[in-house]
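The next block holds one structure in the form of structure tokens; read it before the comments.
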Amino acid sequence: MTFEKHKHYLWSRSGWLLNEEAELLYYLATRATGTMVEIGSFKGKSACCFLRGTMDGSGQKVISIDKMQRYNEYDMEYTSILAEFKKNIKECDRLGLSTLIMEDSNTSHVKIKDDSIYLLFIDGGHEGVQPKNDYENYLPKVVKDGIVLFHDSTNPSEFVDVYNLIAAVKKDDRVEFLGQIRSISIFKKR
Ligand SMILES: C[S@@+](CC[C@H](N)C(=O)[O-])C[C@H]1O[C@@H](n2cnc3c(N)ncnc32)[C@H](O)[C@@H]1O
């Protein structure tokens, strides 16, 4: 299966993923052999990339973690964000693979078993210690050879805390740096 038949739908979802990033998530999901977890879902664009991908692959679970609280930066009420998330997931999840954990990522990690995640996408809070907290709290949940992705991680003038975290993660013996595609940094857990 190729991205071609999904691209118009996925590219037109509301969110911040660039086209190449949506394509990357889709292709990684086609090859996923276990559960995918995203921290930060917003209206479901990345979740739909994972769902469409894994449905063209081996049909793995997709867990979305988002507190779905008022998103001040854009002055949007969470009720409208949640409604669009549900609408998008309904359109993408024909096999019932999606679960939403509507909770702060700082507490929801206790609901995820160690060594149970094949792919982790970190795209929740971008400021202060939050990206580091998400990395530290969820890395133990990722299986050996599992994939860890950080969104918005390559431009210090946009998200300096995520950018600085990547410099530290590159030195972390627990993971291997595989490369970057647009704003996504890609690591493999050792
Ligand atoms: C950049 S958006 C995610 C975009 C999404 N991945 C997409 O493809 O459109 C960041 C999301 O993270 C959520 N978020 C921020 N801090 C969080 C936290 N501590 N716990 C859970 N969700 C959080 C926000 O509610 C927001 O929906």
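All of the numbers you see were taken from the coordinates with simple rules; none came from a lab. Because the structure is predicted, anything quoted here is derived from the model rather than measured. No Cβ is skipped: glycine too gets one built from the backbone with ideal geometry, and neighbour counts run over all protein chains shown.
Worth pointing out:
- Count of segment 32-54 residues which are outside any strand (DSSP E or B), under 25 Å from ASP115 (Cβ atoms) and in contact with a Ser or Thr (Cβ under 9 Å, 6 or more places away or on another chain): 11
- Selection of first residues in segment 78-99 that are free of Cβ contacts under 8 Å to residues at least 60 places away in the same chain and of second residues that are within 14 Å of the ligand (Cβ to nearest atom) and of a type in the set (Val, Ile, Thr), restricted to Cβ pairs under 6 Å at least 6 apart or on distinct chains, gives the following pairs, ordered by first then second residue: LEU97/VAL62; SER98/VAL62; SER98/ILE89; THR99/ILE63.
- Among the residues of segment 79-138, those identified as more than 13 Å from the ligand (Cβ to nearest atom), among the small types (Gly, Ala, Ser) and surrounded by fewer than 19 Cβ atoms within 10 Å (Cβ to Cβ) are ALA83, GLY96, SER116.
- Within segment 142-158, considering residues that are surrounded by fewer than 20 Cβ atoms within 10 Å (Cβ to Cβ) and not hydroxyl-bearing (Ser, Thr, Tyr), the one farthest from the chain's Cα centre (by Cα): PRO156
- Search result, residues across segment 112-129 that are farther than 14 Å from GLY40 by Cβ and more than 16 Å from the chain's Cα centre (by Cα): LYS113, ASP114, ASP115, GLY128, VAL129
- Pick from segment 6-17, criterion outside any helix (DSSP H, G or I) and surrounded by 15 or more Cβ atoms within 10 Å (Cβ to Cβ), ranking: farthest from the ligand (Cβ to nearest atom): HIS6
- Strands (runs of 3 or more DSSP E) wholly inside segment 91-190 that include at least 1 residues being basic (Lys, Arg) and in contact with a Gly (Cβ under 6 Å, 6 or more places away or on another chain): 184-189
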